[in-house]
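Here the structure comes first, spelled out in structure tokens, and everything after it is commentary.
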Amino acid sequence: MPPLFIRKRSAEASDGELLRRFNEEGDIAILGQLYERYMHLVYGVCLKYLEEREAAKDEVMNLFGKLVTAVPGQEIVNFRTWLYVVTKNHCLMLLRSRKSETAHTEAMLADPTFFMENSSEMHPLEEDCEGDTERLRECIERLKEEQRECIRLFYYEGFGYRQIAEKLGMEEKKVKSFIQNGKRNLRICMDGLKV
């Protein structure tokens, strides 16, 4: 009987009441009840900006995780409006991030020295290969963690060897080695994935 009573009371509670209770009790289930009221709105906004059903569904879940830390301490007058703005901004940031990642990947693929083992041996990519960006992304994911992180920091984030060494707490020689071995493994992977 008590669970039904609690469920009924929560269903009747206003957005403001649920927000107040969540802020006081910190119970994620209360926030979940509030979020559930507007999941269709969040999904619609995500679908509008991301234009992919699966990506929109994923972001509906990601946004709930984000709200757990974003809601406390906020003065939210109208939850629906606030959630709409948060969702829109989240999607725009995601699109900006994807665009930046794609630009970095394309720059890497266009760099003829990227797959060089040393100055005398070069392994260029085929110019008109469709799907190189996707294959490169897949191959980067297959790298060992240290190689993947060094490649990401060096090529995507623009860090130098010394900065990477400091950030990851390793010797500069190790960073160079991870990048060189990572590039070699990427070349092998890229060749293996060609159709």
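The values are calculated or read from the model by the stated rules, or taken from the named source; none is laboratory data. The shown structure was predicted, so the numbers you read here are calculated from the model rather than taken from an experiment. We place every Cβ from the backbone using ideal geometry, glycine too, and count neighbours over all the protein chains shown.
Let's see how each residue does on (1) surrounded by fewer than 12 Cβ atoms within 10 Å (Cβ to Cβ); (2) modelled with pLDDT of 90 or more:
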residue	(1), (2)
Ile30	no, yes
Tyr35	no, yes
Leu41	no, yes
Leu47	no, yes
Glu59	no, yes
Lys66	no, no
Thr69	yes, no
Thr81	yes, yes
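Taking the listed residues Leu41, Leu67, Leu83, Leu34, the one that is within 17 Å of the chain's Cα centre (by Cα) and within 22 Å of Gly16 (Cβ to Cβ) is Leu67, with no other qualifying.
Hydrophobic (A, V, I, L, M, F, W, C), at pLDDT 80 or above, closer than 30 Å to Arg187 by Cα and not assigned by TED's automatic domain parsing to the domain that holds Arg152: is that true of Ala55 in this structure?
Numbers: hydrophobic (A, V, I, L, M, F, W, C): yes; at pLDDT 80 or above: yes; closer than 30 Å to Arg187 by Cα: yes; not assigned by TED's automatic domain parsing to the domain that holds Arg152: yes.
Against the criterion (hydrophobic (A, V, I, L, M, F, W, C), at pLDDT 80 or above, closer than 30 Å to Arg187 by Cα and not assigned by TED's automatic domain parsing to the domain that holds Arg152), Ala55 qualifies.
Just for the range 155-194: of the residues that are surrounded by fewer than 15 Cβ atoms within 10 Å (Cβ to Cβ) and within 14 Å of Cys139 (Cβ to Cβ), which one is modelled with the lowest pLDDT? Among those that are surrounded by fewer than 15 Cβ atoms within 10 Å (Cβ to Cβ) and within 14 Å of Cys139 (Cβ to Cβ), it is Lys194.
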